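The values are calculated or read from the model by the stated rules, or taken from the named source; none is laboratory data. The model shown is predicted, which means the values in this text are computed figures rather than measured ones. For neighbour counting, all protein chains shown are included, and Cβ atoms are generated from backbone atoms with ideal geometry for every residue, glycine included. With ligands, DNA and RNA removed, areas are computed over all heavy atoms of the protein, side chains included. Shrake-Rupley method; radii C 1.70, N 1.55, O 1.52, S 1.80 Å.
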Amino acid sequence: VQLQASGGGLVQAGGALSLHCAVSGRIVNIDYMGWFRQAPGKQRELVAKIDSGGPTNYAEFVKGRFIISRDNAKNTVYLQMNSLKPEDTAVYYCANQQYASTTYGSWGQGTLVTVSS
């Protein structure tokens, strides 16, 4: 399974970015997908996840600002990030948790998001 994340970049505080994660090597329509992030000097943390049927879950620090979605026909997961803050600056990773698994076993390479104040 290969995950290719894209869409990161530099944006001013209050701006928006849309991240994409294209998956190849496996049809992920029944899997769980997640977006994580890791800021410099910090541990990787879960940002949002989406179940196979569409239910979503968000970290408190992005609720109301970020939206995770998926297009199973395109085998792609998205993260729409609005009202960005400097503290959102991090490398963002998408990850796949296969349906029968309890862990995220496949990870993308990460895409850097930098929010300037």
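Taking residues in region 86-115 that are open to solvent by 70 Å² or more (accessible area, probe 1.4 Å) and modelled with pLDDT of 95 or more, and partners anywhere that are assigned to a strand (DSSP E or B) and among the β-branched types (Val, Ile, Thr), the pairs with Cβ atoms closer than 7 Å and at least 6 places apart or on different chains are LEU112/VAL91. Would you be able to say whether some residue in region 44-65 is touching a residue at least 60 places away in the same chain (Cβ under 8 Å) and either within 16 Å of THR114 (Cβ to Cβ) or not basic (Lys, Arg) (or both)? The answer is no; no qualifying residue exists.
Among all residues of region 24-31, there is at least one that is touching a Phe, Trp or Tyr at 6+ places or on another chain (Cβ under 8 Å) and either at pLDDT below 95 or under 10 Å from TYR93 (Cα atoms) (or both). Per the listing SER52, SER69, SER83, the residue uniquely open to solvent by 20 Å² or more (accessible area, probe 1.4 Å), under 12 Å from the mean Cα position of the chain (by Cα) and either of a type in the set (Ser, Thr, Tyr) or at pLDDT below 95 (or both) is SER69. Checked against (1) out of contact with any Phe, Trp or Tyr (no Cβ under 8 Å at 6 or more places or on another chain); (2) part of a strand (DSSP E or B); (3) among the hydroxyl-bearing types (Ser, Thr, Tyr), SER83 passes all but condition (2).
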